[in-house]
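First up is the structure itself, then whatever we jot down about it.
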Amino acid sequence: MEKVILTGSVPPPYHGSSIYFENLLNSEIRYVFEIHHLDISDHRNLDNLSRLDFTNIYIALKSIVNLVLLLRKVKPGLVYIPVASNYLPFLRDGLFILATSYFSKAKIIVHLHEGSYFREVFYNNSFGLYKRFINYVLGKVSTAIVFTEGLKSNFKGLVKNTVAFPNGIKQEYTAGFKPADENRNIRVNYLGNLFESKGILDILSAAEIVTRKYKNVEFNFAGAWSEKEESTKNKALKFIEEKNLRRYVNFKGVVTGEGKRKFLSDTDILVFPTWYPYEGCPLVIIEAMSCSVPVISTNDAGAIPEMIINGKTGILTDKKNPAQLAEAIISLISNKNLREKIGNSGREYYLNNFTMEINIKNIINTFYKALD
């Protein structure tokens, strides 16, 4: 059995890449390869991600030392490293790659959990010496994984081989379309961290438009506010008061496990109007599809335009366009048959493309090909 080192962090805090990595660790990959986990987790809150502080420096240096020790002890055939799209985290990831190259003969696979930001912003805007560092370390990588064919351009000319396949989730979330009870409000829900760039204020602006026409609707937000988003939180609360939306808007806090499953099963429409610069292949969209929940999201954000067939498996709107978002929400509120049609098509699309089984099969095949 080939030995593989998986490098990555697990929750808490909860965000897409940590949730995905935890699912990967617990998948059937354990029965195909001898897995060793290099844990680089920082279990503080989201405000500490990518921050230059003593704890992050300590965790990075400790992780590099632990990787070297693990390489010498395990002598793996392959090392898997998720890579970031900003300076300090990629410096750490680059040192992981160099350590693996220097202290072992292992093949190196990197996994980009983001969209085109890596190439278009991070790489293209890096200063000369740092760009040469990126070129040098990626030259030692055997294979890079991205979410879609369109995102292969991130590593063009930098990595020998790039493969594309989307994220996947366990089928524990799956459920058929469940029509809304006519005796309760239509639930338009958001699930994710409460960042302005995830479209929180856009949803509230859309809610103000929607509630002029429909009173039997509620907007529920599940997720955590971070200290960095304090101004966003204040804007949101002020807007809710000024527009008299208090009766329509609820903040549920973080939901996980059974609470998350219940939140999704009680969702009639999921809205995710993100313009987050590091957006990749959002698990929340896949989770909603798995529950036959119609999704409204945004064009030109990570892999989303290739995850959603507009008008069939979901609805795509322009970024930062609350009026268009409101129009999409109204079209689904007013047409139960359309909600059901899109929800069921989304579930079928999930079963054919986004299950954890499909994702892990792709991971295993990629590992085998790299190991040759």
Helices (runs of 4 or more DSSP H) wholly inside region 4-115 containing at least 2 residues that are more than 21 Å from VAL137 (Cβ to Cβ): 16-25, 54-74
I'm trying to understand the selection: among the residues of region 1-57, which are at pLDDT 85 or above, of a type in the set (Lys, Arg) and over 21 Å from VAL68 (Cα atoms)? ARG30
In region 232-257, which residues are in contact (Cβ under 8 Å) with a residue 24 or more places away in the chain and of a type in the set (S, T, N, Q)? THR232, ASN250, THR256
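Taking LYS105, is it over 19 Å from the mean Cα position of the chain (by Cα) and within 26 Å of LYS369 (Cα to Cα)? Step through it out loud before you land on a result.
Working: over 19 Å from the mean Cα position of the chain (by Cα): yes; within 26 Å of LYS369 (Cα to Cα): yes.
The answer is yes for LYS105.
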Would you confirm, using the coordinates I've provided, whether LYS107 is surrounded by fewer than 19 Cβ atoms within 10 Å (Cβ to Cβ), touching a residue at least 60 places away in the same chain (Cβ under 8 Å) and within 16 Å of LYS3 (Cα to Cα)? no
Mind checking which pairs have a first residue in region 167-189 that is of a type outside the set (Lys, Arg) and a second that is modelled with pLDDT under 65 and part of a loop (DSSP other than H, G, I, E, B), Cβ under 7 Å, 6 or more apart or different chains? ILE186/ALA180
If LYS262 passes every condition in (1) more than 20 Å from the chain's Cα centre (by Cα); (2) among the charged types (D, E, K, R); (3) closer than 24 Å to GLU22 by Cβ; (4) surrounded by 15 or more Cβ atoms within 10 Å (Cβ to Cβ) but one, which one does it miss? (4)
For LEU245: the one exception among (1) closer than 27 Å to PHE118 by Cβ; (2) modelled with pLDDT of 95 or more; (3) in a loop (DSSP other than H, G, I, E, B): (1)
Taking region 114-137 and keeping only residues that are in contact with a Phe, Trp or Tyr (Cβ under 7 Å, 6 or more places away or on another chain) and within 28 Å of ASN353 (Cβ to Cβ), one is left with GLU114, TYR117
Odd one out for LYS198 among (1) over 18 Å from ASN321 (Cα atoms); (2) modelled with pLDDT of 95 or more: (1)
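The values are calculated or read from the model by the stated rules, or taken from the named source; none is laboratory data. Just so it is clear, the model here is predicted, and its values are computed rather than measured. Here Cβ is always computed from backbone atoms with ideal geometry, including for glycine, and neighbour counts include all displayed protein chains.
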